[in-house]
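Throughout, read-outs are computed from the coordinates displayed, never taken from laboratory work. Fair warning: this is a prediction, and the values are worked out from it, not measured in the lab.
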Amino acid sequence: MIKKIITLTLFWCSLNLFAKQTINYTKTSQKLLQNLIENKPFRVEVKTLAKGSLKDLILELNTDEKKIAFWINVYNAFIQISLTKNPKEYENRSRFFKKPRIQIANQLLSFDNIEHGILRKSTVKLSLGYLKKIFRPKWELELRIQGEIDWRIHFALNCGAKNCPPVQIYSPKNLNTALNFATKEFLETQTTYNLKNKTVKTTTLFSWFRGDFKGIKGVKKILIDYKIVPEMPNRLVFTNYDWTLSLANYRIIPK
């Protein structure tokens, strides 16, 4: 009888211990990207991210740094997964980005949900960064960043095109350093400067999301602050975006 009681007690303790185990979404998102970079299986990580609840996810992502790192990793990972599986989807990019396809904590999200709803704090996609959405679902309000939009996300999110920034693994601890590295590296490859007429040719991301960058003046200041140009330019020219599909564009963030 005593042996049975001990056995049942151990059984219930193990059940309670299992029930209390929580998903570490941040580490799982990093592991997912790492596996993609190393060309290793990633199904376990995809299934793990799909489990749990929004409550669990909200409790874990309790700072903007945690939210930004996690959602950049998720966005970039599922771009690679989705377009490797079916590259023809890129023929209709509007539909591709709008389609709910990413299962996170039992919530089905689209790439637009992550970028414009969560990371850009409910900003209307085609508004140059100046308009906020009137109607926002509860989950978006709970998951989105709380502070100002960190414009550096535009140089970290990879949409699968040739002119997209490279994919890197982000963590909350090194987020500021990593985003600064990504910003400078990307802008250096995308920008040219004519000293004679003080004209800058640079990425059209600055134009598409100019409100996030505090307008044209803000763009010029960024180019100066990151030492992309030697002086304040007179004129900006935004280059055409190359939408040619280009996957597996990975980079390692220097330590």
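How big, in percent, is the set of alpha carbon pairs in the range 90-156 lying more than 16 Å apart? Taking all Cα-Cα pairs of the range 90-156, the fraction more than 16 Å apart is 49 percent. Among Lys196, Lys51, Lys98, the largest mean-square fluctuation in a Gaussian network model of the chain, built with springs joining Cα atoms closer than 10 Å, belongs to Lys196.
Over the range 23-238, Cα pairs under 8 Å with separation of 6+ residues give a relative contact order of 18 percent. The length gained by stretching the chain between Ala248 and Asn92 to full extension, at 0.36 nm per residue less their Cα-Cα distance, is 54.1 nm. What the Cα convex hull of the range 28-92 gives, in volume per residue, is 98 Å³. Here the range 180-235 and the range 25-86 have alpha carbon centers that stand 31 Å from each other. Cross-link pairs exceeding 25 Å between alpha carbons, from the set Lys217/Lys255; Lys125/Lys162; Lys47/Lys255: Lys217/Lys255; Lys47/Lys255.
Normalised by 2.2 N^0.38 Å, where N counts its residues, the alpha-carbon radius of gyration of the range 108-239 equals 1.10.
Tell me the mean residue ellipticity at 222 nm calculated for the chain from its helices only (DSSP H runs of n ≥ 4, each -39500 (n - 2.57), averaged over every residue, nearest 500). Display every interim value, and only then the final one.
Values: 10 runs with 112 residues, N = 255.
Dividing the helical sum by the residues of the chain leaves -13500 deg cm²/dmol.
Volume of the convex hull of the chain (Cα atoms only), normalised per residue: 149 Å³. Cross-link partners for Lys220 among the lysines, with Cα-Cα distance under 18 Å and sequence neighbours closer than 8 places in the same chain left out: Lys184, Lys196, Lys198, Lys201. Of all aspartates and glutamates in the structure, the ones whose alpha carbon falls short of 17 Å from that of Lys132, not counting any fewer than 8 places away in one chain, are Asp112, Glu115, Glu140, Glu142, Glu148, Asp150, Asp212.
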